[in-house]
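To keep things clear, I will list the structure first and then write my remarks on it.
The values are calculated or read from the model by the stated rules, or taken from the named source; none is laboratory data. Remember, predicted model here, so these are calculated numbers, not experimental data. With ideal geometry, Cβ positions are generated from the backbone for all residues, glycine too; neighbour counts draw on all protein chains shown. With ligands, DNA and RNA removed, areas are computed over all heavy atoms of the protein, side chains included. Shrake-Rupley method; radii C 1.70, N 1.55, O 1.52, S 1.80 Å.
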Amino acid sequence: MISAVPKKDRSRPFTEAGVWHAFGEGWRPLWSGFRENGFSVEWHDFESKTPVDLAESFHPDSVEICLNLEGEAEFSTAGKKQALPPASAAFYSHGRQSLSAHRLPHQRHQFITIEIARDFLKRHIGKSHAGLHPQIRPVLERKKNSTAISETRKLTAEQQRMIPTLRNSPSPLAGRRIWFESKVLELMSEFFFVPAEREFFCERQKRVTQERVQKAIELLSSNLAEPPDLIELGRRVGCSPFYLSRTFSQELGMTIPQYLRQLRMARAAELLRSGKFNVTETALEVGYSSLSHFSQAFCQTMGCCPNIYPLLKRPPQSTAKK
């Protein structure tokens with residue numbers, strides 16, 4: 001059960017570490033350079049018997065993007081309420097007005113937050129506000145109505161693919177700031193600008209393809225032990241198995257079996273890290289009946305054998321303070 005979080009001391013520099021302290025391993029900074037670099041990236045994975053108040057974790061004068069995998073959240077400000085269901089995303093800005101945010105109880109919550117400082121926004125967006133989302137302009141101009149909540153959108157296939165990559169950055173430590181900054185800028189371009197209203201045929205085809213791939217990912221993720229085969233996937237997303245296989249590879253840069261293995265290994269790593277599952281139990285949980293095949297796949301994906309994975313220290317993170 002999560003204990004109450006003490007109120008912030010306004011006389012001290014802002015830090016959200018105290019808010020997440022009670023969550024222990026449920027909060028993991030992936031890049032923690034908000035003060036120095038203007039952004040931070042964090043992974044959250046926890047359960048709570050009571051509603052969790054997240055408002056105290058928001059940096060003043062900032063915008064936060066949430067990529068929500070599991071669990072539901074509710075936001076409100078100035079009479080506007082917005083729900084954030086699983087497999088969706090939104091952004092919210094914290095200005096002079098209050099912003100309320102809660103995670104609902106009796107659910108598992110998994111999500112990534114990308115916190116972006118106003119100065120970082122201003123530096124990269126500049127003076128050209130053409131096509132800018134209407135909720136970003138007040139933040140740049142420091143207007144009174146800069147506290148706002150965006151519309152909710154479904155996670156795209158690209159964002160689904162980005163989440164495990166953010167959690168396990170492939171970049172060497174020396175280049176990690178640049179790598180994370182590139183991902184933050186990519187998400188800014190997707191969330192902070194409004195697309196043209198007219199949709200051309202090729203754009204519609206691309207959107208439909210992305211929606212089918214997204215649906216396939218959801219179907220695979222929902223049952224890692226016994227996922228649907230290619231024929232069933234095609235039937236449920238509304239296209240031929242051959243077409244789905246080809247477009248899936250084009251969208252994500254890997255085949256469906258390769259992506260399924262990545263999902264399975266990411267889940268296996270979580271189970272092993274929790275200490276509640278041994279290697280055999282983990283293998284069965286993610287759909288492997290052969291322990292040798294599971295160990296081989298885990299070693300190829302994670303770089304070590306599953307029996308020693310829980311004993312390894314996490315890869316070094318940024319030493320920058322929040």
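Protein heavy-atom surface of the chain, 1.4 angstrom probe: 54% of the accessible area is carbon and sulfur, with nucleic acids and ligands not counted. Averaging 1/r over every pair of different alpha carbons in segment 20-143 and inverting the result gives a Kirkwood radius of 15.2 Å. Only helices enter the 222 nm calculation for the chain: every DSSP H run of n ≥ 4 contributes -39,500 (n - 2.57), and dividing by all residues gives -12000 deg cm²/dmol, rounded to 500. Among bridges DSSP assigns within the chain, what percent are antiparallel (round to 5)? If we restrict to bridges inside the chain, about 100 percent are antiparallel. Rolling a 1.4 angstrom probe over the protein heavy atoms with all chains in place gives the chain an accessible area of 52 Å² per residue. When the Cα convex hull of segment 161-301 is projected onto planes of every orientation, the mean area is 10.7 nm². Distance between the modelled labels on residue 87 and residue 284, one decimal in nanometres: 2.8 nm (7 Å Cα→Cβ projection). Separation of segment 26-101 and segment 232-247, taken as the distance between their Cα centroids, equals 35 angstrom. GNM on the chain, alpha-carbon springs under 10 angstrom: the most fluctuating residue among 123, 153, 28 is 123.
Specify the angular offset, from 0 to 90 degrees and rounded to the nearest 10, of the alpha carbon long axis of helix 176-191 from the longest principal axis of the alpha carbons in the chain. Its long axis makes an angle of about 80 degrees. Given a cut-off of 20 Å, what percent of all Cα-Cα pairs of segment 223-322 lie beyond it? Summing the P(r) tail past 20 Å for segment 223-322 gives 48 percent.
Relative to its residue count, segment 203-273 spans a Cα convex hull of 80 Å³ per residue. Each residue of segment 98-178 gets 164 Å³ once the volume of the Cα convex hull is shared out per residue. Structure remark: mean-square fluctuation, Gaussian network model of the chain, C-alpha springs under 10 Å; the largest value among 127, 183, 81 belongs to 127.
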